[in-house]
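Everything on this sheet refers to the single structure shown next.
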Amino acid sequence: MDKVLARGSGSMSAAARSRPRTAVVSMMAGAAMIAATVAVATSASAGTTLGASAAEKGRYFGTAVAANKLSDATYVGILNREFNMVTPENEMKWDATEPSQGQFNYTNADRIVSHAQANGMRVRGHALAWHSQQPGWAQNLSGTALRQAMVNHITQAATHYQGKIYAWDVVNEAFADSGGGRRDSNLQRTGNDWIEVAFRTARAADPAAKLCYNDYNTDNWTWEKTQAVYNMVKDFKARGVPIDCVGLQSHFNSGSPYPSNYRTTLQNFAALGVDVQITELDIEGSGSTQATTYGNVVRDCLAVSRCTGITVWGIRDTDSWRASGTPLLFDGSGNKKPAYTAVLDALNAGGTTPPPTTPTTPPPTSNPPTTPPPSGNGCTASLTTNQWQGGFVTTVRVTAGATALNGWAVGLTLPGGASLTNTWNAQPSGTSGALTFRNVAYNGQVGAGGSTEFGFQGTGTAPSGAPTCTAG
């Protein structure tokens, strides 16, 4: 949401704030706060603060934090008392953490992480790959050079924070506002697989963190953009691409109001087997109308068992990128608003119901790509590769024949000078030359005609020959 924010400024120009919603939200960084933090800040008592009440329901309640406001006593007092998850507003974005290519600066982001850890809060990392707030040097790259830079940035940033981040917004705002297609961006022009590559790279760099896709204008189930994101997540889950959660930014105002089918949207994403989080919530307005909408959003989340948390995008109205719309839970002096009371009451009264096993409204969807199974027993394997100068990512699809697999092994040879750096969903026999990749515990059993995937990243030239596949 904060594409237009100067890094660390915590505010938006009046001209930017006055833009229509459809223009403004395209600049928003998806602070997708990924779910499931149940840690309670040490000062919180159950039922009396947002974080503590959410934790009683197995969820978190978080906020976006700006490093330059950690010296504001009122701001920090509310932060420490009320919230158990934080998302850096701008401090973990590409322009902030890698201002010059290969030169990383984590000072401000580290400050937020340290504050969170000292106060019993978890951290959502925001965001590893985004078309906006790129450093100038990245904006000037394209093709394989940009792809390689993206992979390196994700690897370095996620590795730096390995074990400290509950969830990463791996990719932010990659879909167009209309038409159901991808956003035209320099990252998209590196190849349609760039989102998949970003998720696989993040998994390799920080295996324990949850990996999320985050976007705006995905709240209404009937919208083309919502359906496009849904279909991508469905495809990723079918093909074994590592995705754990979906973030709905949920910036609501008169031009983009809270939709009556919001709960349906949450339920249908959850039914795909991913967590859903409300990641950048703010609701313009005041008084009882604003309070009612905030309460409805919280009740919708509590009604879906895999809606694991809510993050509001700022603490006081004056901290908001949409300050003129007074969209947050505390006024400029730090006083609790009616919206705060509505949220706390909803958290304390709410329960949980399981998500549906199938979408409430079947979405228009296309089947994920498949590889025809062989006619006989055994298995086959096929490669898809993204190659750039100096490196590559390869995905291998293993397909069972007429008999189910109870284990498999894939053989291939890396060209001279090539070497593995990361592997996921398989165990390799080495790092160079002739290699055998064997299944891991959770993907060895494949039904007749079914398939599973694994992948690896490396330096040098990717393998190109047909791999072998052995059952058993």
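Couple of notes before you dig in:
- Shape of segment 189-251, Cα gyration tensor, a/c cut at 1.5: prolate
- Dipole magnitude (debye, nearest 20) for segment 92-182, charges at Cβ of Lys, Arg, Asp, Glu: 200
- Distance between the 7 Å Cα→Cβ label points at residue 436 and residue 184: 5.0 nm.
- Simple spin-label estimate for residue 341 and residue 162 gives 5.0 nm between the two label positions (7 Å along the Cα-to-Cβ direction from each Cα).
- Taking other residues whose beta carbon is less than 11 angstrom from the beta carbon of residue 48, and scoring Lys, Arg as +1 and Asp, Glu as -1, yields -1.
- Over 32 Å (Cα to Cα) - which of 57/337; 234/336; 93/234; 234/337; 69/237 fall in this group: 234/336; 234/337; 69/237
- Simple Cβ-charge dipole of segment 259-318, Lys/Arg +1 and Asp/Glu -1, about Cα centre, in debye nearest 20: 220
- Three-way shape call for segment 275-319 based on the alpha-carbon gyration tensor, with the a/c threshold at 1.5: oblate
- Spin-label zone in segment 117-151 - amide nitrogen under 19 Å from a point set 7 Å from the Cα of residue 101 along the C-beta vector: 129-151
- Relative packing of peptides 212-219, 445-452 - highest average C-beta neighbours within 10 Å first: 212-219, 445-452
- Stretchable slack from residue 74 to residue 142, in nm (0.36 nm times residue separation minus alpha-carbon distance): 20.0 nm
Read-outs: derived from the displayed coordinates by stated rules, not from any lab. Since the structure is predicted, the reported quantities are computational estimates derived from the model, not experimental observations. Don't worry about glycine lacking a Cβ; one is built from the backbone with ideal geometry, like all the others, and counts go over all protein chains shown.
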